[in-house]
Amino acid sequence: MSELSEQRDQIIEQLEELNDKIRVQNSVRHTFFKGIIYGVGVFIGSAIVATILLGFISPWFGEIGWIRDLFQRGSELR
């Protein structure tokens, strides 16, 4: 009987620890900082992807007449 009692006590302790961890994870502060970190990650990742895509696509944009003219005017301003 004491073995069952010990197991029950251990299970209760583990459940209390889990409840404490869940309480911390669901707190407003934790959620706020997690959102900030995810937001920064999304911003940096999308900037990298956009830079790579624009690097590949830019030669085709140079083929468009009015874009080429604007680029030439801008490079003459130096």
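What follows is calculated from the coordinates using simple rules that are stated; it is not laboratory data. For clarity, every value in this text was computed on a predicted model and none was experimentally measured.
Data for the structure
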quantity: Span-like helix ranges in the chain, DSSP H, alpha carbon extent 20 angstrom or more, Kyte mean at least 0.0; calculated: 28-62
quantity: Calculated log₁₀ intensity ratio I(q)/I(0) where the Debye formula runs over C-alpha points of the chain, q = 0.16 Å⁻¹; calculated: -0.82
